[in-house]
Amino acid sequence: MTSTQPAVSPATLREVCGRWVTGVAVVTGTDHGGQPLGMAVNSFTSLSLEPPLVLFCPASTSSTWPLIQQSSRFAVNILAEPQSHLVRSFARSGGDKFAGVPLRPAPDGLPALAGAVARIVCRIEDVHAGGDHQIVVGRVLATELFEGDPLVFHRGRTAGVALPVG
Ligand SMILES: Cc1cc2nc3c(=O)[nH]c(=O)nc-3n(C[C@H](O)[C@H](O)[C@H](O)COP(=O)(O)O)c2cc1C
């Protein structure tokens, strides 16, 4: 069904944009006391190669993002296919999101999720307004790559990478 209606409700827009396939990442950081912070995002995307910039969009209602923002740095942990259980943990607001989550040591001091397929360490370059979200631009300071297939998010569900078409 195709439809072009004058007013687009949040539910409709969510459903339509849900047809866009993304990965899932956990943006991590630390608070003033060095406690780990994290939130699941699928708004992550690359922005620029030279200079190296990426972006993601935290909701204005996020309680985690303002705390990470104070430290001026964040890490993007791109989830692997077997990590779908972590999406629920890090999409929750409040509680100990890191309970039972295996971390590995990282020289930058930002929480590093063991088993992620890639990790990108950033310094906050810019934060722009974007409706009920913000657009956070990160300057890439370091990257790490690991073996494994990424987790996919589509129509509100996680999945593995589909076989190539054609
Ligand atoms: C697959 C998936 C993708 C998400 N992507 C985003 C996102 O891009 N931006 C965002 O603000 N919230 C996103 N969320 C919701 C946040 O993870 C959730 O609201 C947040 O962790 C709430 O916790 P907080 O109050 O501690 O920030 C996503 C949730 C899921 C399940």
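Looking at 130, 166, can you tell me which residue is within 30 Å of residue 11 (Cα to Cα) and either at pLDDT below 95 or small (Gly, Ala, Ser) (or both)?
Within the list 130, 166, the selection yields 130.
Quick one: would you say residue 62 is under 25 Å from residue 10 (Cβ atoms) and of a type in the set (Gly, Ala, Ser)?
Yes; evaluated as a whole, the condition is true for this residue.
Return yes when residue 51 is closer than 14 Å to residue 25 by Cβ and in contact (Cβ under 8 Å) with a residue 40 or more places away in the chain and no when it is not.
Here the answer is no, as residue 51 does not meet what is asked.
Residue 109 - would you say it is in a loop (DSSP other than H, G, I, E, B), at pLDDT 95 or above, of a type outside the set (Asp, Glu) and closer than 20 Å to residue 144 by Cα?
For residue 109, the condition - in a loop (DSSP other than H, G, I, E, B), at pLDDT 95 or above, of a type outside the set (Asp, Glu) and closer than 20 Å to residue 144 by Cα - is met.
Restricting attention to the stretch 138-164, which residues are aromatic (Phe, Trp, Tyr) and within 16 Å of the ligand (Cβ to nearest atom)?
Selection gives 153 alone.
Let me spell it out: the conditions are (1) small (Gly, Ala, Ser); (2) in contact with a Ser or Thr (Cβ under 6 Å, 6 or more places away or on another chain); (3) under 17 Å from residue 35 (Cα atoms), and residue 84 meets all of them except one. Which number is the exception?
Failing condition for residue 84: (3).
Out of the residues in the stretch 105-117 that are aliphatic (A, V, I, L, M) and in contact with a Pro (Cβ under 8 Å, 6 or more places away or on another chain), state the one that is surrounded by the fewest Cβ atoms within 10 Å (Cβ to Cβ).
Within the stretch 105-117, the subset aliphatic (A, V, I, L, M) is 106, 110, 112-114, 116-117.
Now narrow it down to the ones that are in contact with a Pro (Cβ under 8 Å, 6 or more places away or on another chain): 112-114, 117.
On the way: 112: 20, 113: 24, 114: 13, 117: 20.
Looking at the filtered set, the residue picked out is 114.
The values are calculated or read from the model by the stated rules, or taken from the named source; none is laboratory data. Predicted, not measured: the structure shown is a model, and the values here were computed from it. So basically every Cβ, Gly included, is an ideal-geometry build from the backbone, and we count neighbours across all protein chains shown.
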